[in-house]
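What follows is one structure encoded as structure tokens, with my remarks underneath.
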Amino acid sequence: MSRRDKKDPRVTSSTQPSRRDRFLPTELLGISAALGVFVGLIVLISTREFVLAGIALGVAFILSLVLMALFALAFKPNAAEVHDLEEQNAEQKKDGPAPH
């Protein structure tokens, strides 16, 4: 029986989402806001109309938010990938934090 065949009890008992998983919605909102502001500034610089720039900012924000959320949902790991990720996380926790 190899190390891969054994299940670490710490991996199976942990049901709390990681910090990265908890901040994913905030990350998507931040990136979408940045893209919206960028588009809004480009429209404002080129047309010098605040109303048109505001409309472009809103449209770009909503469009980028929806598209990034759809892309985030599209990348769902299968069972083998989840198992491999759990093993890697258990090994990292056992070895300690990685040096920077």
Inset, instruction - Filter the chymotrypsin sites (Phe, Trp or Tyr not before Pro) in region 14-100 to those in DSSP coil with at most 16 other Cβ atoms within 10 Å of their Cβ, and list the result. - result: Phe23, Phe75
Legend entry - Inter-probe distance in nm under a simple model that places probes 7 Å from Cα toward Cβ, at Val37 and Lys93: 3.7 nm
Inset, instruction - Only Cα pairs under 8 Å and at least 6 apart count here; give the relative contact order of region 24-85 as a rounded whole percent. - result: 34 percent
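Each reported figure results from applying straightforward, stated rules to the coordinates on display, with no laboratory input. Quick caveat, the model's predicted, so the values are computed rather than measured. Quick reminder, even Gly has a Cβ in these numbers, built from the backbone with ideal geometry, and neighbours come from all protein chains shown.
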